[in-house]
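First comes the structure, then the notes that go with it.
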Amino acid sequence: MEATVILPILKKKLAFLSGGKDRRSGLILTIPLCLEQTNMDELSVTLDYLLSIPSEKCKARGFTVIVDGRKSQWNVVKTVVLMLQNVVPAEVSLVCVVKPDEFWDKKVTHFCFWKEKDRLGFEVILVSANKLTRYIEPCQLTEDFGGSLSYDHMDWLNKRLVFEKFTKESTSLLDELAIINNGSDKGNQQEKERSMDLNFLPSVDPETVLQTGHELLSELQQRRFNGSDGGVSWSPMDDELLAQPQVMKLLDSLREQYTRYQEVCRQRSKRTQLEEIQQKVMQVVNWLEGPGSEQLRTQWGIGDSIRASQALQQKHEEIESQHSEWFAVYVELNQQIAALLNAGDEEDLVELKALQQQLSDVCYRQASQLEFRQNLLQAALEFHGVAQDLSQQLDGLLGMLCVDVAPADGASIQQTLKLLEEKLKSVDLGLQGLREKGQGLLDQISNQASWAYGKDVTIENKENVDHIQGVMEDMQLRKQRCEDMVDVRRLKMLQMVQLFKCEEDAAQAVEWLSELLDALLKTHIRLGDDAQETKVLLEKHRKFFDVAQSTYDYGRQLLQATVVLCQSLRCTSRSSGDTLPRLNRVWKQFTITSEERVHRLEMAIAFHSNAEKILQEFPEQPEAINEMEQFDEIEAVGKSLLDRLTVPVVYPDGTEQYFGSPSDMASTAEHIREKMKLLSLKKQQLRQPEATTPES
């Protein structure tokens, strides 16, 4: 019977065990009757509950029952005493009926308890409250009977409720934990898991029950009763003494079972965690080897342009984004597995390492495939970028070659030719870079079969290989065509450079010839002071003429070369209509001037030679008179020379040019006149002897 079932009855305090003992160490059972009519059924229930508390050893020592009838009627007291015969006849050794101060008259004579001792099975005495100490020590009596024993019925009832609750919960919990723990220790794995699944969670919290038990035990151990003035110490109530070892035993059992239960829970949690990790690992592995790998299998192309490669890269980034979510799960799982490996049992290490290895292999393989695909697309993008740049360079070079060359001078042609060579060199470098990128891309494609998971990618790779090789071959052909056109354009431009050079040199020859003509007119004016000097001047003039002749011939050759180049270039030469007439005109002027110079020098040589001969050969010789006609000839030459110095050189176009300045000509003429004066004096000297001879 549990106190909670009859709690309202127990609260009425129809009977109680105060903890006091008689002289035989028997427990004292007190039945306090009140003025109101006592419900015998409730009293019987109360007595049954109270008598179930002591141990059999305590019961063997018997009970002393105190029936407090001071506030009740005799017939009630009698009924209670008789009821004790039926409820606890064997355990009751003495019944003390506490009578009121005013006794129940002579009613007692009608029923004498001591005469009924054999029939009742216990002794019944009537005693007043102050005489009760004759049978029971005062320290074992409550204050209601003049004793010093303290008893709080509600406190006892509350402790009893706590004890019974703890006992019930702990007993039930022990059974549950035993089932759980025993189920985890025996049977095969399936039975073990099934048993743990059915009984894994106890009906109450073990921590709460343990805390309640510790608090209850602490209160039971701290309860002490002090005697009266004698200072005699008494132990706690018997039921409390009985409860302490029971509570301690239950606590020990609970701790033991709870420790085992915690270990079972830990193992179960570890097993559950391991199963969850295994399940998540399989989810990651199944997705990566299933949908993830299928996504990569379907993405094998590299695109045929920059835009196509960029679109494939964007698609690949979406695939990588989906993979990154599973890779994040992989990182989390790897951390959990590492934590379990650090704190795991030996039996779990092999399984955990196998899971970790399987997960790592799949993830690293998939990550390698993603990286390979990304590198392949990046290489394809770079290849198409180089191809596009090279195509633009070839288009620019072709456009430059298709435009007809119409430069203004040789310098612009040289600049254009230099630019053309630079573009061709840039195209060469671009084609070399394209080949390097293409070969690298082909090498990567050749390695694609290593992660194809058995899929035959030969046909798919062949399309990529054909595309790459086709692009490189097309660029090579375009470059070769441009090179051929560059060779033709280079030859043409070199011819044009040569043409301009010939025209420039021909114009320079005209300038040189003009300068020679100018020098001839302005500086070649002296005729010499004597025949020897004049001969030297004539020789110098002939050399000077040879230089002019060479300059003229050089100009003519250059102009002839321009004609040939113009015919080759199919263009009209500007030199044939401008430079050649200028060259011929200057040369004509130069030849006329040179001839005039030669005539003057030859006349000067004849004049000086004859004059010097006469002046030297006829030094006052009379026999030379017959040669007087030579003087006349020399004078005639001198006069002719003087006259020629005053005459300008007349060119075919009607223009006239004088040798030197008038002062220069005057100086030259004065020198001739002085020599003619000498001749005249010589002539006069020769004539004087001739005149004197006839007179004599």
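The values are calculated or read from the model by the stated rules, or taken from the named source; none is laboratory data. None of these values were measured; they are calculated from a predicted model. Cβ atoms come from the backbone with ideal geometry, glycine included; neighbour counts cover every protein chain shown. Heavy atoms of the whole protein, side chains included, go into the accessibility calculation; ligands, DNA and RNA do not. Shrake-Rupley method; radii C 1.70, N 1.55, O 1.52, S 1.80 Å.
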Exercise. Only one of LYS492, LYS522 is of a type outside the set (Asp, Glu) and under 17 Å from GLN414 (Cβ atoms); which?
Worked result: LYS492
Exercise. Applying the selection to the stretch 9-39, what residues are in a loop (DSSP other than H, G, I, E, B), polar (S, T, N, Q) and more than 19 Å from LYS78 (Cα to Cα)?
Worked result: SER25
Exercise. Which of the following residues is at pLDDT 90 or above, of a type in the set (Lys, Arg) and open to solvent by 20 Å² or more (accessible area, probe 1.4 Å): ARG542, ARG526, ARG489, ARG574?
Worked result: ARG542
Seminar exercise, completed: In the stretch 420-445, anything open to solvent by less than 80 Å² (accessible area, probe 1.4 Å) and polar (S, T, N, Q) is listed as SER426, GLN444
Exercise. What residue, of VAL536, VAL497, VAL564, is open to solvent by 80 Å² or more (accessible area, probe 1.4 Å) and not in a loop (DSSP other than H, G, I, E, B)?
Worked result: VAL564
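Here's the yes/no breakdown for (1) crowded, with 16+ Cβ neighbours inside 10 Å; (2) in a helix (DSSP H, G or I); (3) on the phi > 0 side of the Ramachandran plot:
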| position | (1), (2), (3) |
| --- | --- |
| ASP41 | no, yes, no |
| TYR49 | yes, yes, no |
| PRO54 | yes, no, no |
| ILE66 | yes, no, no |
| SER72 | yes, no, no |
| VAL77 | yes, yes, no |
| VAL80 | yes, yes, no |
Problem set entry | Identity of the residue in the stretch 104-149, part of a loop (DSSP other than H, G, I, E, B) and open to solvent by 70 Å² or more (accessible area, probe 1.4 Å), that ends up modelled with the highest pLDDT | GLU137
For this session: Could you please tell me which pairs satisfy a Cβ distance under 6 Å, a separation of 6+ or placement on different chains, a first residue in the stretch 651-676 that is acidic (Asp, Glu), and a second residue that is open to solvent by 50 Å² or more (accessible area, probe 1.4 Å)?
Result: GLU656/VAL650
Problem set entry | Residue within the stretch 626-648 that is in contact with a strand residue (DSSP E or B) (Cβ under 8 Å, 6 or more places away or on another chain) and surrounded by 15 or more Cβ atoms within 10 Å (Cβ to Cβ) present | no
For this session: Would you mind stating whether GLY227 is in contact with a strand residue (DSSP E or B) (Cβ under 8 Å, 6 or more places away or on another chain) and at pLDDT below 80?
Result: yes
